[in-house]
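One structure below.
The values are calculated or read from the model by the stated rules, or taken from the named source; none is laboratory data. Quantities reported herein were computed from a predicted structural model and do not represent experimental measurements. Cβ sites come from the backbone with ideal geometry, for glycine too, and all protein chains shown count toward neighbours.
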Amino acid sequence: MNKIRNYSTLILVVILPLMSFSQDQINKDVDVATFRSYVDKEKGLVLDVRTADEVKEGYIKGAKNVDYFSDEFEAEIKKLPLDKPVYVYCRSGNRSGQAAADMKKWGFKEVYNLNGGITAWQEKGNKMVVPK
């Protein structure tokens, strides 16, 4: 009987708070139109997780670049505000999906990953900033 009570206490003290924490977070993939509507509202941070060479080909206006493959990625991301929505993209949506999962683990409240990445963004005719 004591073991059952101990397990019940463990569930209430440890597991339930973790479940409620994850429910307060939004971490989802969105299509280009939805991503653009969020970016246009300018209420969050646009995050480009591509390499510097990829960024030279063009980026979404206002985006902050933090290379997912950089040794400083985690440290740089953890400097960002946890309560501000983040709109993350890469070339195809894979790295940014991994980055979004990491950001959820690190406590970010809202993270939206661009399905198809900047490739899909361009295919839909959206503008990019091309550095000179």
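Laid out as a table, the results:
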quantity	calculated
Residues of segment 47-73 satisfying the condition of being of a type outside the set (A, V, I, L, M, F, W, C), assigned to a helix (DSSP H, G or I) and exposed (fewer than 14 other Cβ atoms within 10 Å of the Cβ)	Asp53
Residue tally, condition among the charged types (D, E, K, R) and over 15 Å from the mean Cα position of the chain (by Cα), over segment 59-79	3
Meets criteria (aromatic (Phe, Trp, Tyr), in a loop (DSSP other than H, G, I, E, B) and under 13 Å from the mean Cα position of the chain (by Cα)) for Tyr112	no
Counted residues, segment 77-97 - those being assigned to a helix (DSSP H, G or I), surrounded by 15 or more Cβ atoms within 10 Å (Cβ to Cβ) and not aliphatic (A, V, I, L, M)	3
Check on Gly107, closer than 14 Å to Arg36 by Cβ and of a type outside the set (Ser, Thr, Tyr)	no
Among (1) surrounded by fewer than 17 Cβ atoms within 10 Å (Cβ to Cβ); (2) over 15 Å from Ala100 (Cα atoms); (3) at pLDDT 95 or above, the one test that Lys41 misses	(3)
Condition check for Asp53: modelled with pLDDT under 95 and over 13 Å from the mean Cα position of the chain (by Cα)	no
Which numbered condition Cys90 misses (of (1) more than 15 Å from the chain's Cα centre (by Cα); (2) within 14 Å of Ile118 (Cα to Cα))	(1)
